[in-house]
C-alpha cells in the first residue's frame, strides 16, 4: 500500500501508469488521507479511484470536507459516488446540507436512489428512520430454505448485510427475523415457517436514535429491523452505523460534562476561533457563577474578621463539596446514558446519595478534624484555645457540604432530563460552581452555631 507521500507524488506528477496502486487503498486509508489534506488533494485522488471504494470511505470523512469535495468534483464523478453510497450513508450526508444544495445533488441520483433518499429524508432529524437503510432481504414463510439461498445469490449484492433475513407476510408486516446460518444447516426443502420461532426485536422508525444504541447494546445483533407503528417492515439499522453514532454521542457527552460545547470536528483540525467560541461561553457562565462565591464571602466578612482562622479552611470546604458533586453528577449521567436509571428512580437515587454523602462527609470530616488536632498538638499551627470548636466546625461543615454536593450532583441531571433538557448540561464544572457558593453558606452557618458566644 502506498504511503500518503507516495499518493501525493503520484497525483502531483500525474503518473498515470501507477494509478492502479491507488485502488489498493482501503476506505479507512482514503478517509485518513482526505481528512489530513486539503479538499483539492481529495478531488484529485477521487477522480482516479473506483466510485464504490470512495463511497465506502465517505462516511469516515469529516462533514465539513464532504460537501466541499462533492461540489469540487466533476458532476459525473460526483454522481457516481453518490449513487454508489449506501442509502443511510447518503442520507446522513445530505441531511447536513442546506436545502438548496440537497435539491441540486438529488438531480444527479438515479430515479431509484432518489426515491429511497427522499423517503429517508422525510423522517425527523435524529430519528431511527434517518439511520436505517432500505437495502435488505425480505422473504415469505412459504418459501423453502433452498429457494431463499437462491434469492440471496440473485439479490444479495444489493443488501447491506446478509447476516439476518426478515420474514414478512403478504402485507409486508414483519413476523420474524432469522439468522442466515439457520438456512445453511437444514434440508433445502425445509420451509421458512418450519425454522421460525416468531420472536424478534425491532426498532420503531420514529424512535430517537439513542434508542437504537440502547437496543443494540442490550442485544448481540449485527442488524435490526425497523418498522412503523403498524409493524410494516421499512428497513434495517446495522451495527457499524450504531457504533459510529454511539462514539459521536459519547464524545459530545464527555465534552459537555467537561464544561464546554461539543466540538463539531476533531481537536487537531478544528479552527482556533471555533475552539475558543466553543469554550468561552461556558467559562463566562461558570465565572459569573463563581462571582457569587465572592458575594457570599462578603456577606460573612464580619465572621471572618472575628475568626480569621475560618478563612484557612474555605478552600478545603468548597473543593470537597465541588468534588463530591462532580463525582455524583458524572456517575448519574453515565447511568442515565446506559438506561440504568430514569426520573422515575429519583427517590431511590436521592436516598442512596444522601447516605453516600453522609458517609463520605463523615470520612472527610474525621480527616479534617484530625488535621486540626494533630497540627495543634504538635505545635505545627496554633488554632488558639478554641481549637476544638474549630475542628468541630470543619467536621460538621464537611458532612453538610458533601451531602449537599452529592445531592445536587445526582438530582440536577434527573431534573434536567425531566424538563426535556440535556442532562450533560449539569456538567461537573456547573455542579462544582453551584456547590462552591452554597458550601460557603453551609460552612459559615455551622461556624456561627458552633462558635457562637466564643470566637463569634
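Values for this structure:
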read-out: Contact order normalised by residue count of the range 4-122, Cα under 8 Å, 6+ apart, percent; value: 21 percent
read-out: For the range 317-456: relative contact order, % (alpha-carbon pairs under 8 angstrom, 6 or more apart); value: 43 percent
read-out: Reduced Cα scattering model of the range 367-444, Debye log10 I(q)/I(0), q = 0.14, 0.17, 0.28 Å⁻¹; value: -0.58, -0.72, -1.17
read-out: Kirkwood Rh, Cα atoms: Rg over Rh of the range 120-165; value: 1.11
read-out: Shape metrics for the range 92-132, restricted to C-alpha atoms - Rg then Dmax, Å; value: 9.9, 26
read-out: Extension gain from residue 121 to residue 308, taking 0.36 nm per residue of separation minus the Cα-Cα distance; value: 60.7 nm
read-out: Scattering curve values for the range 311-397, log₁₀ I(q)/I(0), Debye with Cα scatterers, q = 0.12, 0.13, 0.21 Å⁻¹; value: -0.49, -0.55, -0.97
read-out: Semi-axis lengths (Å, descending) of the ellipsoid that matches the C-alpha gyration tensor of the range 4-122; value: 26, 13, 12
read-out: Full-stretch length increase - residue 114, residue 185 - with 0.36 nm per residue and alpha-carbon distance subtracted; value: 21.7 nm
read-out: Square roots of 5 times each gyration tensor eigenvalue, C-alpha, the range 138-244, largest first, Å; value: 24, 15, 12
read-out: Beta bridges by DSSP in the range 138-244, antiparallel share as percent, to the nearest 5; value: 75 percent
read-out: Computed Rg/Rh of the range 320-456, alpha carbon atoms with Kirkwood Rh; value: 1.09
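Each value in this text was obtained by applying a stated rule to the coordinates, not by laboratory testing. Note that the structure is predicted; figures quoted are calculated from it, not measured.
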